[in-house]
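Here's the structure, in structure tokens; my notes come after.
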Amino acid sequence: MSYGNVLGPKMFATVQATSASHGWIIAAGAMVVVLVAVLLASALMRRFFQNTRDSQQKKTLAAPPSTENASAFMAASMQAVIQQLRDQEKELERLHRLEKERAEQTEKLSEEVTRNMPAGLLLVNATGIISSANPAAEQALGARGLGFRRYSEVLGESSELTGLLTECLTTGKIFRREQVEHLSPGGEKHQLGVTISPIRRGSEKISGVICLLSDLTELAMLQRQVQLKENLAALGELSAGIAHEFKNALATISGYAQMIRGEAANGETSEYADKILEQTRNITHVVTEFLKYARPLEISSETVALGGVVERIVTEVGEANPQILIRFEGEFGEVAGDEGLLRQALLNLARNAAEACSNASSGGRVIVRGEIVSGDEVGFQRISVIDNGAGIAVEVLPKLFRPFFTTKAAGTGLGLAVVQKIIVQHGGQVEARNRQEGGAAFIVTLPVCWTLAEAVESKRNSI
């Protein structure tokens with residue numbers, strides 16, 4: 001047997017075995033490829049059918065339902081109407097919200113404008129109730145919490161302003177730039193400029209009244225001061241010559257009376273001469289006081305420490321009236337002016353207060369109170385001379401500072417007139433008022449001397 005014949009059958013068997021294993025591998029690979037292709041085709045078909053179904057649902061929702069199915073058509077129509085109503089409701093809510101925000105902004109702006117108005121504003125409804133009042137109105141009327149109160153209760157039944165408001169409510173009459181005097185609950189007098197107009201809606205009846213207020217107190221006070229200075233100047237020029245002639249005539253009468261008394265014995269003629277001399281001295285005193293009042297004041301320019309001046313006045317009045325309890329309290333600064341004249345004015349007020357309360361049942365008490373009031377540009381020294389006497393009659397108050405007006409039996413009527421002249425010449429003012437708890441108060445206001453540092457600090461605080 002040859003070598004080739006021996007290997008032939010084995011090699012053939014090996015080749016057959018190898019061919020068989022390769023066939024299985026190829027078959028397995030083919031099956032895997034087929035399986036992957038089937039899965040891929042399945043996935044693609046599933047995605048295609050899903051897209052087709054979604055598209056069909058969208059078309060079904062977008063397109064109106066077929067009229068062949070009546071119930072489905074009605075349900076779809078109702079759903080469409082409901083959806084439209086919901087959309088409209090949302091739009092209406094949005095518009096309502098915007099309108100509400102605009103209304104709130106308008107209301108806030110109106111409140112801010114009313115609150116920051118320099119003029120006072122009062123709104124009174126048809127029933128006489130104050131429905132609105134801004135801070136300027138409360139300040140001008142000197143009262144707080146005006147809202148929802150009857151105007152006649154706040155202003156007073158007999159107030160001029162109450163009468164104007166009542167007439168406007170009943171007749172519809174318009175009042176323009178009227179000037180009235182108002183007495184605040186604290187007893188302070190305010191000069192008010194008012195404009196009052198009825199509130200109507202078309203041709204309907206009056207539904208309320210609007211009242212604009214301006215506080216003219218300071219302006220009226222300045223006008224009175226200017227008028228007083230002019231009157232004093234005219235009075236001084238007129239009276240100087242007359243008083244001089246009076247004094248000459250009185251000196252002549254007094255000289256003849258002294259001669260008669262010297263020549264006459266101690267009899268009736270001497271007694272008459274003494275009475276003539278007494279009356280002559282009294283008239284001379286009145287003329288001298290009048291000259292002091294009418295003659296222009298020569299005010300020296302010096303810094304006056306009011307604390308020491310007030311302390312000496314209180315001591316002097318207390319020693320002269322031991323039955324009166326007099327004291328001073330508060331803060332006293334420095335003012336520019338004449339110390340002698342200011343002392344004369346304050347001493348006169350303190351003496352008057354002691355006399356006014358000398359018969360008080362609980363014992364006379366006088367307080368001289370000081371207060372420094374800061375202002376925008378300059379401060380003011382306020383000095384109040386307070387007593388617990390019987391007070392001042394209402395009809396007497398406007399006449400207190402008139403020359404020759406007096407309620408005292410032996411008074412000349414020039415004391416308070418001189419006080420007013422001195423204070424006015426120092427750039428201040430003096431006023432009298434009754435106190436609710438009894439007694440009277442004379443209030444002097446003078447401009448304070450400010451140092452540079454104090455002026456700067458006051459300005460910084462005001463800012």
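The values are calculated or read from the model by the stated rules, or taken from the named source; none is laboratory data. If you're wondering where the values come from, they're calculated on a predicted model, not measured in any experiment. Glycine also receives a Cβ, built like all others from the backbone with ideal geometry; neighbour counts cover every protein chain displayed. Accessible surface is based on the protein model in full, side chains and every heavy atom, while ligands, DNA and RNA are left aside. Shrake-Rupley method; radii C 1.70, N 1.55, O 1.52, S 1.80 Å.
Look at the Cα gyration tensor of the range 258-354: its axes a ≥ b ≥ c give a/c of at least 1.5 with a/b at or below b/c, and that counts as oblate.
Rolling a 1.4 Å probe across the protein heavy atoms gives the range 75-144 an accessible surface of 73 Å² per residue. Using the Stokes-Einstein relation with a Kirkwood hydrodynamic radius computed over Cα pairs, the translational diffusion coefficient of the range 142-251 at 25 °C and a viscosity of 0.890 mPa s comes to 141 µm²/s.
Which shape class, rounded, prolate or oblate, goes with the range 359-447 when its Cα gyration tensor gives a ≥ b ≥ c as root eigenvalues, a/c under 1.5 marks rounded, and past that a/b bigger than b/c marks prolate? Working shown, then result.
Working: a/c = 2.32, a/b = 1.29, b/c = 1.80.
Note, shape of the range 359-447 comes out oblate.
Between Q139 and E112, the simple spin-label model (points 7 angstrom out along Cα→Cβ) gives 1.9 nm.
For the range 319-448, what is the accessible area per residue in Å² when the probe is 1.4 Å?
Values: 6280 Å² over 130 residues.
That works out to 48 Å² per residue.
A Förster radius of 41 Å combined with the Cβ-Cβ distance from K205 to K229 puts the calculated FRET efficiency at roughly 0.20. For K90, the aspartates and glutamates whose Cα falls under 16 Å of its own Cα, not counting residues fewer than eight places away in the same chain, are E99. Taking label positions 7 Å along the Cα-Cβ direction at both A119 and F73, the computed distance is 7.1 nm, reported to one decimal.
Farthest toward the positive end of the dipole of the range 157-309, out of T280, Q227, L306, is the Cα of Q227, where the dipole comes from beta carbon charges about the Cα centre.
What is the gain in length, in nm to one decimal, between N248 and T171 on full extension, counting 0.36 nm per residue of separation less the C-alpha to C-alpha distance?
Values: separation 77, 0.36 × 77 = 27.72 nm, distance 6.46 nm.
Gain on stretching N248 to T171: 21.3 nm.
Pairs from the table (K247/K408; K229/K275; K108/K205; K275/K408; K100/K173) lying more than 27 angstrom apart at Cα are K229/K275; K108/K205; K100/K173. For the range 158-276, averaging the sequence separation of C-alpha pairs within contact (under 8 Å, six or more residues apart) and dividing by the residue count gives a relative contact order of 15 percent. The label point for E278 and the one for E437, both projected 7 Å from the Cα toward the Cβ, are 4.4 nm apart. Bridging of K399 to aspartates and glutamates at a Cα separation below 15 Å is possible for E431, once same-chain residues fewer than 8 apart are set aside.
The length gained on full extension between L222 and E188, counted as 0.36 nm times the residue separation minus their Cα-Cα distance, comes to 10.5 nm.
Relative protection proxy for 173-181, 414-422, 125-133, from highest mean packing down: 414-422, 125-133, 173-181 (other beta-carbon atoms within 10 angstrom).
From the Cα gyration tensor of the range 61-183, with a ≥ b ≥ c the square roots of its eigenvalues, which class applies: rounded if a/c is under 1.5, or else prolate if a/b is larger than b/c, or else oblate?
Details: a/c = 5.48, a/b = 3.73, b/c = 1.47.
In terms of gyration-tensor shape, prolate.
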